[in-house]
Amino acid sequence: MDQSVFRITKELSELQKNSDLSLAVACRDIDVRNVKALIIGPHETPYEFGFFESWLTNLQFAFKFGKEYPRKSPQVTAITTNGGRCRFNPNIYANGRVCLSILGTWRGERGEEWSAAQGLESILLSIQSLMSSNPYENEPGFEDANEPSDKKNQKEYVQKIRHETLRVSVIQRLEVYLGIGVDGQVTTPITAKDDYDLDMDVLEDESTVPFEPFKDLCKRRFLWYYDSYLATVQKGKEEAKDGQPFVRMPFEGSSNTMEGKFNYTELERRLRNIKKALDAETESWAAQGLEAKANDTTVSVNLTRQYEQVVESFKRSDTPHNLELLDNNPFVWQLTYFGKPMTNLDGGLFRVKLSFSPRFPEEQPRIKFETRMFHHRISLDGTPCYFPAANRREDAKTHIEAVIEALEEEQPPYDPRTLVHPEAFKLFWGSPDDRRMYNRRLRRSVQKSME
């Protein structure tokens, strides 16, 4: 095997195995040298929970590795640019150019240039580091700009990046994925298929199919961060009026800028439409699943077998939780979770719905707590934030175990990427008084679950 291909394959495998919640990479089997990467914007920055993509190729980036890799750095192109009209950062141009010393696209200090010891992950982390709380200072010559005009510009720059992160990297992306038109109506997405059986004699030519490896990930993360997106809208409405034009920064040129107007009222409408469409899509899996069951598809048989195995596992281990199929549909499971004794969950009785796609495991299950629980890892609509083992995502039992682990973990490490319930998260990680209030709210929801 070509040494560069071996190195790229190894790096991709390592990145895909880790549990980093803000980085994702993928490539076609036929073309390992062209890699797509997804960076989810950091918390407490104007890029917060945005999807940025690139060709290494939601910010999305594309990576093109030459045969000289790792002796030479790959070419990196930012894809999330609103068709070349949006410069998201002084170092990320509207034409997709990413200016970093390790890529040789920007002059840096001695020792900052590329070396064979670096790799895909170091590039992604370097790009992510550009997405700071004050990206204005990333522009050379503006690092220490502290004049009153600079302070004003810094604030206005953050405001427009926050607006466009939401509009371009999140809303536009999800609208395309879900087939939502300008009128808010949902049409059948281009990638939807009527045939759910993977046992096809004739496979499509991979090179002719649009390569969207992060579609399902972005949909699931949207459900995680939906309340945070709405909070961003409310904050934006307080800072800028609808129709107010963006302010051009001193370093922005005519074709390398971020032009536009604020319209958070419209963004809120579109966010709610996306949420409605995602919920409808999840509900549609039940009917599609019954059809798949009638056709005895591979996915249907697999889920039926997995369901039986989980039920048997619960019996053998004397697990108190109960699992059943809704309407005898192997694509819709209902878990009854009994709170862990001697914890704040003790005595709780919670119904949890697991919806499986006919395209499982390519599309991961969507899980929702139908019984309300005030918990920092469960969103307001009941969507849990959990991490199944990367190498076992096709195992339904792994998802159930990961959800229960997220619920019962008493001393989790602080991780802002798990911010799915803003109020509960703030109380859980706040002062001792905040934590006591959190515990009271959690216990109250546990008590109500038994009423």
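The values are calculated or read from the model by the stated rules, or taken from the named source; none is laboratory data. All values reported here derive from a predicted model rather than from experimental measurement. FYI the Cβ positions are ideal-geometry reconstructions off the backbone, even for glycines, and counts take in every protein chain you see. Just so you know, the surface numbers come from the protein's heavy atoms only, side chains and all, with ligands and any DNA or RNA stripped out. Shrake-Rupley method; radii C 1.70, N 1.55, O 1.52, S 1.80 Å.
General observations
- If you filter segment 1-47 down to residues that are closer than 23 Å to PRO388 by Cα, among the acidic types (Asp, Glu) and at pLDDT 85 or above, you find that the one that is nearest to the chain's Cα centre (by Cα) is GLU14.
- Filtering segment 392-440 to residues that are of a type in the set (D, E, K, R), more than 10 Å from HIS376 (Cα to Cα) and not in a loop (DSSP other than H, G, I, E, B) leaves ARG392, LYS397, GLU401, GLU405, GLU408, ARG417, ASP433, ASP434, ARG435, ARG436, ARG440.
- Scan of segment 340-354 for residues that are of a type in the set (Val, Ile, Thr) and crowded, with 22+ Cβ neighbours inside 10 Å, ordered by number: VAL352
- For the residues ARG305, ARG359, ARG316, the requirement of being at pLDDT below 95 and either farther than 30 Å from SER445 by Cβ or surrounded by 20 or more Cβ atoms within 10 Å (Cβ to Cβ) (or both) singles out ARG316.
- Boolean, TYR136 is open to solvent by 30 Å² or more (accessible area, probe 1.4 Å), on the phi < 0 side of the Ramachandran plot and aromatic (Phe, Trp, Tyr): no
- Of TYR414, TYR386, all but one fail to be touching a strand residue (DSSP E or B) at 6+ places or on another chain (Cβ under 9 Å), open to solvent by 20 Å² or more (accessible area, probe 1.4 Å) and not acidic (Asp, Glu); the exception is TYR386.
- Breaking point among (1) of a type outside the set (Phe, Trp, Tyr); (2) under 20 Å from the mean Cα position of the chain (by Cα); (3) at pLDDT below 50, for ASP197: (2)
- Per-region count, segment 141-157, residues assigned to a helix (DSSP H, G or I) and either aliphatic (A, V, I, L, M) or more than 22 Å from LYS237 (Cβ to Cβ) (or both): 4
- Matching residues, segment 229-249, being within 17 Å of GLY41 (Cα to Cα), of a type outside the set (Val, Ile, Thr) and open to solvent by 10 Å² or more (accessible area, probe 1.4 Å): LEU230, ALA231
- Qualifying residue in segment 253-262 (condition: touching a strand residue (DSSP E or B) at 6+ places or on another chain (Cβ under 8 Å), part of a helix (DSSP H, G or I) and surrounded by 18 or more Cβ atoms within 10 Å (Cβ to Cβ)): no
- Pairs where the first residue, in segment 101-120, is at positive phi and the second is in a loop (DSSP other than H, G, I, E, B) and not acidic (Asp, Glu), C-beta under 8 Å, 6+ apart: GLY104/SER73; GLY104/TRP114
- Filtered residues of segment 160-177 (kept if in contact with a Leu (Cβ under 7 Å, 6 or more places away or on another chain) and open to solvent by less than 10 Å² (accessible area, probe 1.4 Å)): LEU166, SER169, ILE171
- Checked against (1) in contact with a helix residue (DSSP H, G or I) (Cβ under 7 Å, 6 or more places away or on another chain); (2) within 24 Å of TRP429 (Cα to Cα); (3) of a type outside the set (S, T, N, Q), ILE367 meets all criteria but (2).
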